[in-house]
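See structure below.
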Amino acid sequence: MGKAERQLAIKEIISTKDIASQEELAKELLRKGFEVNQATLSRDMKELGIAKVITADGVWYQLQPDNEAQRLKMLLAYEIESIQSNDCMVVVKTLRGRASGVAEILDRLQIPDILGTIAGDDTIFIAPTSSKKIPVIVKRIKEAVLQSEEK
């Protein structure tokens, strides 16, 4: 299991459980099959934008939404190989096995002109709200990829 899967597991744990320490998080990750050292865990948490937050119930790690959006855009640059379109849809080619993850990222970016996405192994079909919106969708996806490459 790689970094992307591990970071997805970290996000899931942080989102569903109250975690107060890296040690607790490491134990939860181990239960899911991820053995990590403290340095790797610390680096992952920084990349994911996870920070301790004071709540009425205590101090817990939480995902910071602004950092999450930027991280999602960064993943696009690594995983998208091409973006093409015709009169009725946009087709995004990704690294093998990554189409589902990229489609989820595109869904989370909430591009208003996207009606929905369908992902295979390395191909995503994007249905626009209107065929007239296809150039806008392609432009926004490319902008998201370019923004992340500049960082």
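The values are calculated or read from the model by the stated rules, or taken from the named source; none is laboratory data. These numbers were taken from a predicted model, which means no experiment stands behind them. Cβ sites come from the backbone with ideal geometry, for glycine too, and all protein chains shown count toward neighbours.
I want to confirm something. Restricting to region 45-67 and keeping residues that are of a type in the set (D, E, K, R) and not in a strand (DSSP E or B), which single residue is modelled with the lowest pLDDT?
66
Restricting attention to region 78-102, which residues are outside any helix (DSSP H, G or I) and of a type in the set (A, V, I, L, M, F, W, C)?
Passing the criteria: 80, 83, 88, 89, 90, 91, 92, 95.
I'd like to verify a number: residues in region 29-55 that are surrounded by 18 or more Cβ atoms within 10 Å (Cβ to Cβ) and closer than 17 Å to residue 15 by Cβ, how many?
7
Output the residues belonging to region 3-24 that are in contact with a Lys or Arg (Cβ under 9 Å, 6 or more places away or on another chain), within 12 Å of residue 62 (Cα to Cα) and at pLDDT 90 or above.
13, 20
How about region 14-28: which of its residues are touching a strand residue (DSSP E or B) at 6+ places or on another chain (Cβ under 8 Å) and surrounded by 17 or more Cβ atoms within 10 Å (Cβ to Cβ)?
Within region 14-28, 14, 19, 25 qualify.
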